[in-house]
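The values are calculated or read from the model by the stated rules, or taken from the named source; none is laboratory data. Quantities reported herein were computed from a predicted structural model and do not represent experimental measurements. No Cβ is skipped: glycine too gets one built from the backbone with ideal geometry, and neighbour counts run over all protein chains shown.
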């Protein structure tokens, strides 16, 4: 047998035989490589069992076992894919629900913040109005104080004028009494 043919076919067959359990009482060690008769300068590799099992039936059994194993693996993979898909769908639903809940919570927080801002603006407006009323009251108090001061000054001025008039009238009265004191019918006043 040529070295090239042996190196190509032997690992494939050895791998297939090593992975599969042996059926029909044939051991892997019972299979051996033999060379086929020469044909036009080339050699062929053949598995010849020591027992009565033919290479074709053993290869068919091996192929069947490989197919069965492949089908079981594919079925297991399908089940795993279904499980992973279900978990992914659950996770997507959960994530969506959490996102909706977070969005609702965010909306509530924004609404509360907006309400607080509105209340703060209203309070600020009321505070400014109160400050304006305080300023107006302060101005009114100052005006009242000024008016009271003006009234007191006018009262003092009027009192001074009254005192001046009284003094002037006393002088006139004294003058008249002094000059007209000797007139008939009027008694003279003592000075």
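Evaluate the following for residue 94: is it assigned to a helix (DSSP H, G or I), surrounded by 10 or more Cβ atoms within 10 Å (Cβ to Cβ) and touching a helix residue (DSSP H, G or I) at 6+ places or on another chain (Cβ under 9 Å)? Don't jump to the end; show me each part of the working.
Working: assigned to a helix (DSSP H, G or I): yes; surrounded by 10 or more Cβ atoms within 10 Å (Cβ to Cβ): yes; touching a helix residue (DSSP H, G or I) at 6+ places or on another chain (Cβ under 9 Å): no.
Taking the combined requirement at face value, the residue does not satisfy it.
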Whichever residue in the range 49-77 is surrounded by 13 or more Cβ atoms within 10 Å (Cβ to Cβ) and over 60 Å from the mean Cα position of the chain (by Cα) and, among such residues, is modelled with the lowest pLDDT: 49
Starting from the range 170-191, take each residue that is surrounded by 10 or more Cβ atoms within 10 Å (Cβ to Cβ) and list its partners that are modelled with pLDDT of 80 or more, counting only C-beta distances under 6 angstrom and pairs at least six apart or across chains. 189/177
